[in-house]
1. For a quick protection proxy, order the peptides 490-498, 113-121 by their average other-Cβ count within 10 Å, most packed first.
2. What is the angle, in °, between the Cα long axis of helix 377-395 and the longest principal axis of the Cα atoms in the chain? Nearest 10 is fine, range 0 to 90.
3. Once fully extended, how much extra length lies between Lys438 and Lys320, figured as 0.36 nm per residue of separation less the alpha-carbon to alpha-carbon distance?
4. Considering only the other residues whose Cβ falls under 10 Å of the Cβ of Phe157, what net charge follows from Lys and Arg at +1 and Asp and Glu at -1?
5. Taking 8 Å as the Cα distance limit and 6 or more residues as the minimum spacing, I'd like the relative contact order of the stretch 187-263 as a percentage.
6. What ranking do 195-201, 509-515 get when scored by the average of other Cβ atoms within 10 Å per residue, highest first?
7. So if each residue of separation counts as 0.36 nm, and I subtract the Cα-Cα distance between Arg362 and Thr172, what length gain in nm does that give?
8. Using only the heavy atoms of the protein chains and a 1.4 Å probe, how would Trp263, Trp558 rank by accessible area, largest first?
Amino acid sequence: MMKKIFIGILFLFALLPGVKAANDSIFVQLKSGEVLAYEYLEHDTVSVNERYIHVNDTMFHSAYVSRIVFSREMLKQNSGVQFVAFKLRATDAANESLMGRTFTADIDDLASADTLRFNIPYLTTFKLAPYFVANSQKVKVSIDGREIVSVDSIVDFTNPVKMKLEYEGGGTREYVIVIKNSGLPIVVIDTDGRRLINSKTEWAERSTMVVYNADGSVNFDSGTDYMNIRGRGNSTWSYSKKPYNIKLNAKKSILGMPKHKRWCLLANYIDRTLMRNAVAFELARMTSMDWTPNGRFVELVLNGEPVGNYYLCEAIRIDKNRVNINEMSPYAISGEDITGGYILELDSYYDAEWKFKTSYYRMPVNVKQPDDEDMNSYQHSYIKDYYNKAERELYNGSVEGFAQYVDMNSLIDWYLLNEAIYNPELNHPKSSYMHKDKNGKLFMGPAWDHDWETFTPHSSLKNHNSMWFGALFSHPEFKQMVKERWKVLKGPFTSISRYIEELRESNRASWEFNNKLWPKISNSVNGDTSLPYDAAVDRLKSAFLNRVNSLNSIINSW
């Protein structure tokens, strides 16, 4: 029974073309003629008790193995019973492929280690097959009294397990085996036929998505309902790490977030910390803005390939669980029915189907909802006219008249949020959202797109002359309103340090894996591309807290 543990396991010395070191040895594991694994091991001596085995066309370290020499005497060590080598195989094809790409092990010395830690970032099932070799053929390996056979036995590593080695002569050794993924949920998406996603307008339909909790349990499975995915973003779509829009075929909750069909996967490619958008959203939740997208950091596996850390969040849509305003009928053409709801985006890309430039401040207004196919010319004329009436009041010097059309509390809070994080997008403007309910005013928000130059060290005002704010700040009463509101928001804003630290730790392992996939950031606008993780996070946090202090001095001087 002891011998069957070692059937097909050989400890080998390899003579490889181009390898000069005489003491380089290889452990090779074979099963049914297939090479399952090999790794370098080093020994002080090379046995002269040799047999020759030919393994043709087997790639190893960029060289072909033309001749392998092995000796069982090499297995006999003087340090007692122990593992000579220990690795893991997945029990399903998907995980086996991922483990092959991302597998790492924190083992310095099998001879002295008591705990073997393995980090496998995209692991969705912890039922794995260990394969190992010990330094004696006369050893029994067991877990909870159950004998484990290398390669053939399947072990559940959801929780740490103790593996016991018992030598026939009475010696024993125990190892604690700890298997971890990154600790984040894992989103696995496969398109139909694994077609490439290369469009922002065309949906890859009949795709599937499974969302796993970090413990491997399933949180969401599109199943035969399928889902759709396409690219998203403007400048972000040009980067090598792509962002995506998701549309389910039925409203579903994902990772505890309220039910909906529409979701986004933000890549955060240019953000060394990965957390700029999430931190900005958390700050936005401290303001009076109606709704801010919820999100969760996840690992993304797309068509079998790991693509790194993503922020799965709610898309901006009219819904009782999102922007909770009236959803207009496509047939609304007059009266109060036409007064809302609308979601508008000020964006200089100016690429929406329904859009207009305002008459007084030349704002590029893109209508995001109603959707293109549901919008009509009457609604377009109404919202354009409403917007121009508001601007006309401000242009003529009346803040009070402007406030009849625009909610000033949300406008001031939105301004202070973007000024506090040093968001330059308002100066184009880009990604600046507002919404209008039925019979209601224009409200600013939701907050969106905060990864460009934000949370960087700057002490002066950035947005006081953007959009309408140059005109508004010329009025002392508006300055006073901003000053009074800042007194309320400053305290909550400075409390963000705790949230940043929570994200730092929860994303730490994932950041390491993401950094291996995307080690170089092609855009250096945030100024932290060369920094290690903790230094980048420290810089983000200190830049924000210092900026809050700078703003406090500026605003209180008014």
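1. So the peptides 490-498, 113-121, ranked by packing, come out 113-121, 490-498.
2. Its long axis makes an angle of about 70 degrees.
3. 41.1 nm
4. Counting the neighbours of Phe157, the net charge comes to +1.
5. 23
6. 509-515, 195-201
7. Here the answer is 60.4 nm.
8. Trp558, Trp263
The values are calculated or read from the model by the stated rules, or taken from the named source; none is laboratory data. Here the structure is a predicted model, which is why all the values come from computation and not from measurement. Note that each Cβ is placed from the backbone with ideal geometry, even for glycine, and that neighbours are counted across all protein chains shown. For the accessible areas, the whole protein counts, side chains as well, though only heavy atoms, and no ligand, DNA or RNA atoms are used. Shrake-Rupley method; radii C 1.70, N 1.55, O 1.52, S 1.80 Å.
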